[in-house]
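Structure first, commentary second.
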Amino acid sequence: MKFLTKSYLLLFAISIGLQANAQSNFEKQGTQAWMKGDFKNAVVLLEKAEGKDPGNVNVLKMLGYSYFQNADFENAIAAYTRLIAVKPTDYSAYYYRGKARLNIANAPKEALNQMRESFYTAAIKDFSKAMEISGEEDVQILQNRGVAYKDYGIFKSYKIKKSAEKAACVALFNNSIADFQKILTMQPLKKDVISLIDYVKAQISSLK
């Protein structure tokens, strides 16, 4: 299984096509906008479609992805959370919710400082759940979780005051390296992952 955006879009488009007859007008129009990559209009139409048919898995899936593509990460999280409530086995919902949470955690907004840690931990949990449901160690999920561990470790490193806090940072960095190394067992020449490992090791060294 390759967790690639193109595959996600293709498979979902086929699924949508099979159910076209049952779609409302807003869902049909929202689907057309979504398939064209017009995610701004897709949001407007799919919000109306959800209003008429709350809990519609296809609508929620497209709406969450549309919010994500518009960088509206808070609404993306909310939409994927509603999708998970209806279909808790949809690993793509956990994956994209995790990515949205990680984007918020890394956003340079002072107002988020008190909540940043909870977004990092929630993102890591989402990536882990996505992998658990998918049933295999997927490269893209592993890489995103490894990055989340790395970013969380860097965030915590700014607050180190005690040896226990330093140990917690090192543990996060080691988890990051472990995910990246799993990727290299599958794709040994993946240069971006090799660079990430070197970077994380340098972060660990800087704590000593």
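The values are calculated or read from the model by the stated rules, or taken from the named source; none is laboratory data. All figures in this text were calculated on a predicted structure; none of them were measured in a lab. In this analysis, Cβ positions are derived from the backbone assuming ideal geometry, glycine residues included, and neighbour counts consider all displayed protein chains. For accessibility, only protein heavy atoms count, side chains too; no ligands or nucleic acids. Shrake-Rupley method; radii C 1.70, N 1.55, O 1.52, S 1.80 Å.
For the range 133-149, the tally of residues that are closer than 21 Å to residue 197 by Cα and open to solvent by 20 Å² or more (accessible area, probe 1.4 Å) stands at 8. Flag not set for residue 94, criterion: modelled with pLDDT of 95 or more, out of contact with any Asp or Glu (no Cβ under 8 Å at 6 or more places or on another chain), in a helix (DSSP H, G or I) and aromatic (Phe, Trp, Tyr). Just one of the listed residues (170, 147, 200, 193) is within 30 Å of residue 88 (Cβ to Cβ), modelled with pLDDT of 95 or more and among the aliphatic types (A, V, I, L, M), namely 147. Scanning the range 50-87 for residues that are farther than 19 Å from residue 35 by Cβ, touching a Ser or Thr at 6+ places or on another chain (Cβ under 8 Å) and open to solvent by less than 20 Å² (accessible area, probe 1.4 Å) returns no hits.
Residues of the range 134-189 that are in a helix (DSSP H, G or I), hydroxyl-bearing (Ser, Thr, Tyr) and out of contact with any helix residue (DSSP H, G or I) (no Cβ under 9 Å at 6 or more places or on another chain): 163, 185.
Do you know which of the residues in the range 88-117 that are surrounded by 13 or more Cβ atoms within 10 Å (Cβ to Cβ) and of a type in the set (Gly, Ala, Ser) is farthest from the chain's Cα centre (by Cα)? Once the filter is applied, the top-ranked residue is 107.
Could you please let me know if residue 122 is modelled with pLDDT of 95 or more, in a helix (DSSP H, G or I) and among the hydrophobic types (A, V, I, L, M, F, W, C)? Criteria met by residue 122. Kindly provide the set of residues from the range 155-176 that are of a type in the set (Gly, Ala, Ser) and more than 13 Å from residue 120 (Cβ to Cβ), ordered by number. Hits for the range 155-176 are 163, 164, 167, 171. Note on the range 121-132: residues that are out of contact with any Lys or Arg (no Cβ under 8 Å at 6 or more places or on another chain) and surrounded by 15 or more Cβ atoms within 10 Å (Cβ to Cβ) total 3.
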